[in-house]
């Protein structure tokens, strides 16, 4: 039955099989082009943000190479397979999280890494995909919109890894994992009644969460976000400096490599989480608009892919990945601009670092797999 | 199940996706719009604000400390200069892990617990981004070790500064005073702008009195720095103006002679130029090395100075208040002459003691215990001064009354601060009926007038006051505020004139010649120093009682604890006809004036026999 449903023709019109190498690799051409432009733009900013360090540039290029490779590999498997593998990925991920809690490597007071014979690995990254995939797998088999008890099961699926990651503690990742799971539930068509009651409940539980759940340093971040001036040289330093960097960029920016805030080391983490400040300082609002445009086009294309997905699994997953991608953008750009508390969320495809980049690229690989599924069916 | 069977309806699920994706897109668009508004706000609306903030960040105004004015003696001997000194400091805002940084530094240079404690207390009340000093006076090797390891010690800096140095610390400590690090209290009162980049301030002595002149004017430079404070480029520079140099009246040689003549005993010497009011020597022993205070004295060193029974930190010349003893007799005599109560011919019978009318108590003359009798059956003014006859002055004091004695002696500067240009001066006590009423709320007793007549009882004077009084006699009435500084930045300072002591010139000669006899006649109390003298000196001995002696008891020097022995005093000026130096000497617990007059002789010899420079 499931197979039969999968093979019902979609309402999207006739299948078009485009020739060319991207089609051969199961790539969605517009998305690939957009990602490539963003990659190039990101590398340009990164080179400047790392103090014109070629070593840092090559490092990031290598990460991109791994990321693109992972994306292409992922795109070669159809969603039926990914759907079957989803729960296994989830189980393995949760087990590894438990392992991290007992035998992980610490860095800056947080235990996030698992050392697998010389290869350090962050299991929480795996969950960023495994959670929405598993929710999509679970709900994809059921009639949508899902019934309340299925929703409850999904929430449980989400809460377990989120709780484990929050304990590490890693507020940024747990936020992303939780969001990706909830987005999957949302895309599955959960009733608005549930959504609104959840929001009310969330607001009501904010107080106990503040009192019992958040670590002091996390509270400090929120307080600092609300009033960065209160601790100019301490916790507020980063935000004041990043706002200064952004603001001083103006419309046209100070020029590539000319950002005084970032080049003179006032800006902390300028090549990783705070890289948008470098971009804004050196390329100005023009550069920010270009970046937002690129992101917007990627988001639109990603949503578009969902329209043509062949299965519930594909649609749910597509929506979740797209929205999670957006959360990265919003949380990162919001925190650097002093709108949101500082949580460790990188600017997708621009910030230096390999872990989240590879995860994101795998996500795009899944989107590619969803978008090109029609070709497989047509055969 | 049959009724609720729900087939998967692909079209319906696609509609769900479309609906949700549309909502999500709206949501995304809304939030992207928020971001856009925020970035627009920062980059366009508040552009000017942040551009300014960014400029301020990058371009820093750095203060440039002025070079503190140097201090020279009257012949150009350098008494206070500035030497480069290397200070290990931390900028706490840039230190990642303070404890591990401190540990690493302790491996590189010697840092003791006290330095750590002081560092921590400084760190608490620092200004943001201030360099908080940890270790002063790094030597070359320590500097090199820090330099080599600097890359792994963020926030650690070695500052080169010019720092006060006193080449003759101990010899001039009480005259010059010293500078020290600015403390919280001073920070509140100083003009912060003038002290930017300066971490020291005059704490005592001349250093404090002439702080404003010595300090100079701070300069600045605008520099481009990175967040680590490293200067990348100097954009512009406004040079600091060095402080003005001081040239003193003090004479290095004379100071040295006085210091050596006191020979480690507790005592003080003040030498003045009677004509100019300039202080030629100002010595208080024991002294201390003023360099110890420049960077904050260690607890051990300070404890040793504070707890020493010889109180080396106490500046005896201006803070030490001693009964002036017989050194006041010439002034009391002058009061008598001016009041017409005595003249050079009038005499007083001297049995060795004196008795107030209607009082059985005997006021004894010091000579009584030596000879068992008075100085002579009849004593005149000349003899009374030369041989320091107490009975003559008991009688004169009684007739003068305390208040007219007070009024006359006031003219010599007793009982009030001389106004010398160093700190912490005390005023001494010149008693009167009103003074006793105010200070002790008691009536004046006639017997106390007798004590005052020989400089005992309530009367107290500092060695500086005695030197000033002596120069008033030397100049026959001219009275100047004493000054240590002679020139500031090349401009001459003059010692302001106080109200002179107006007296008949014949009376002055009576007094001066009696004081000459103190030294130059066989029976003079300071005759012992006359031998080999190539000039004529006028002087007056004095003895200050440290413990009061019971009515019938006899003062026995040998039997008394060293600390309870009388203080020896001597005042003198020379040459008699054209005085160029007036000296006051006190040797605490010296037993008597014989401890003091050789010191005065050495100082005056050194001054009058100096090689022409």
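The values are calculated or read from the model by the stated rules, or taken from the named source; none is laboratory data. It should be emphasised that the depicted structure is a prediction, and the values quoted were computed from it without experimental measurement. Cβ: placed from backbone, ideal geometry, glycine included. Neighbour counts: every protein chain shown.
Given B:34, B:52, which one is modelled with pLDDT under 90, outside the structural domain of residue B:145 (by TED's automatic domain parsing) and not in a strand (DSSP E or B)? Show your work before the answer.
Working: B:34 fails: modelled with pLDDT under 90.
After ruling out the rest, the residue left standing is B:52.
Of all residues in segment A:194-221 being under 21 Å from residue A:145 (Cα atoms) and without any contact (Cβ under 8 Å) to a residue 24 or more places away in the chain, which is nearest to the other protein chains (Cβ to nearest Cβ)?
So the residue we want is A:195.
Considering only residues of segment B:1-18 that are in a helix (DSSP H, G or I) and within 8 Å of chain A (Cβ to nearest Cβ), which is modelled with the lowest pLDDT?
Once the filter is applied, the top-ranked residue is B:10.
I need the full set of residues from segment A:263-297 which are at the interface with chain B (Cβ under 10 Å from one of its Cβ atoms), modelled with pLDDT under 85 and either in contact with a helix residue (DSSP H, G or I) (Cβ under 7 Å, 6 or more places away or on another chain) or not in a loop (DSSP other than H, G, I, E, B) (or both), in order please.
Within segment A:263-297, A:263, A:264, A:266, A:267, A:268 meet the criteria.
Look at segment B:61-91 and say how many of its residues are surrounded by fewer than 18 Cβ atoms within 10 Å (Cβ to Cβ) and more than 30 Å from residue B:247 (Cβ to Cβ).
Qualifying residue count for the region: 2.
What tally of residues in segment A:177-193 results from selecting those that are farther than 23 Å from residue A:303 by Cα and either under 25 Å from the mean Cα position of the chain (by Cα) or within 13 Å of chain B (Cβ to nearest Cβ) (or both)?
So the answer is 0.
For segment A:353-371, check the following and say yes or no: at least one residue is over 19 Å from residue A:70 (Cα atoms) and buried (at least 20 other Cβ atoms within 10 Å of the Cβ). Even if it seems obvious, please write down each step before you answer.
As a first pass, look at segment A:353-371 and keep what is over 19 Å from residue A:70 (Cα atoms): none.
Among the residues of segment A:353-371, not one is over 19 Å from residue A:70 (Cα atoms) and buried (at least 20 other Cβ atoms within 10 Å of the Cβ), which makes the answer no.
Looking at segment A:313-331, can you tell me whether even one residue there is over 22 Å from residue B:37 (Cβ atoms), over 18 Å from the mean Cα position of the chain (by Cα) and either more than 10 Å from every other protein chain (Cβ to nearest Cβ) or surrounded by fewer than 23 Cβ atoms within 10 Å (Cβ to Cβ) (or both)?
Looking only at segment A:313-331, we keep the residues that are over 22 Å from residue B:37 (Cβ atoms), and these are A:313-322, A:324.
From the residues that got through so far, the ones that are over 18 Å from the mean Cα position of the chain (by Cα) too are A:313.
Still in the list and also either more than 10 Å from every other protein chain (Cβ to nearest Cβ) or surrounded by fewer than 23 Cβ atoms within 10 Å (Cβ to Cβ) (or both): A:313.
Looking for residues that are over 22 Å from residue B:37 (Cβ atoms), over 18 Å from the mean Cα position of the chain (by Cα) and either more than 10 Å from every other protein chain (Cβ to nearest Cβ) or surrounded by fewer than 23 Cβ atoms within 10 Å (Cβ to Cβ) (or both), one finds at least one in segment A:313-331, hence yes.
For segment A:332-356, which positions are assigned to a loop (DSSP other than H, G, I, E, B), within 12 Å of chain B (Cβ to nearest Cβ) and under 15 Å from the mean Cα position of the chain (by Cα)? Spell out how you get there, then give the answer.
As a first pass, look at segment A:332-356 and keep what is assigned to a loop (DSSP other than H, G, I, E, B): A:337-354.
After this cut, where a residue has to be within 12 Å of chain B (Cβ to nearest Cβ) as well, the list is A:337-340, A:347.
Once the filter is applied, which keeps residues that are assigned to a loop (DSSP other than H, G, I, E, B), within 12 Å of chain B (Cβ to nearest Cβ) and under 15 Å from the mean Cα position of the chain (by Cα), segment A:332-356 yields only A:347.
Since residue B:167 meets every condition but one in (1) over 21 Å from residue B:74 (Cβ atoms); (2) surrounded by fewer than 16 Cβ atoms within 10 Å (Cβ to Cβ), which condition does it not meet?
Failed condition: (1).
Here is a yes/no grid of residues against (1) closer than 20 Å to residue B:584 by Cβ; (2) surrounded by fewer than 19 Cβ atoms within 10 Å (Cβ to Cβ); (3) out of contact with any strand residue (DSSP E or B) (no Cβ under 9 Å at 6 or more places or on another chain):
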site	(1), (2), (3)
B:468	yes, no, no
B:471	yes, no, no
B:481	yes, yes, no
B:490	no, yes, no
B:501	yes, no, yes
B:506	no, yes, yes
B:510	no, no, yes
B:516	yes, no, no
B:523	no, yes, yes
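When residue A:231 is evaluated against the numbered criteria (1) closer than 30 Å to residue A:141 by Cα; (2) within 14 Å of chain B (Cβ to nearest Cβ); (3) at pLDDT below 85, which criterion, by number, is the only one it fails?
For residue A:231, the exception is condition (1).
Hey, among the residues in segment A:240-261 that are in a loop (DSSP other than H, G, I, E, B) and at the interface with chain B (Cβ under 7 Å from one of its Cβ atoms), which one's surrounded by the most Cβ atoms within 10 Å (Cβ to Cβ)?
A:250
Would segment A:358-365 turn up any residue that is within 11 Å of another protein chain (Cβ to nearest Cβ), in a helix (DSSP H, G or I), over 12 Å from the mean Cα position of the chain (by Cα) and over 18 Å from residue B:27 (Cα atoms)? Reasoning before the result, please.
Looking only at segment A:358-365, we keep the residues that are within 11 Å of another protein chain (Cβ to nearest Cβ), and these are none.
Checking segment A:358-365: not a single residue is within 11 Å of another protein chain (Cβ to nearest Cβ), in a helix (DSSP H, G or I), over 12 Å from the mean Cα position of the chain (by Cα) and over 18 Å from residue B:27 (Cα atoms).
Do we have residue B:272 as outside the structural domain of residue B:483 (by TED's automatic domain parsing), buried (at least 19 other Cβ atoms within 10 Å of the Cβ) and either at pLDDT 90 or above or out of contact with any strand residue (DSSP E or B) (no Cβ under 8 Å at 6 or more places or on another chain) (or both) here?
No.
Regarding residue B:162, is this residue out of contact with any helix residue (DSSP H, G or I) (no Cβ under 7 Å at 6 or more places or on another chain), surrounded by 14 or more Cβ atoms within 10 Å (Cβ to Cβ) and under 30 Å from residue B:254 (Cβ atoms)?
Taking the combined requirement at face value, the residue satisfies it.
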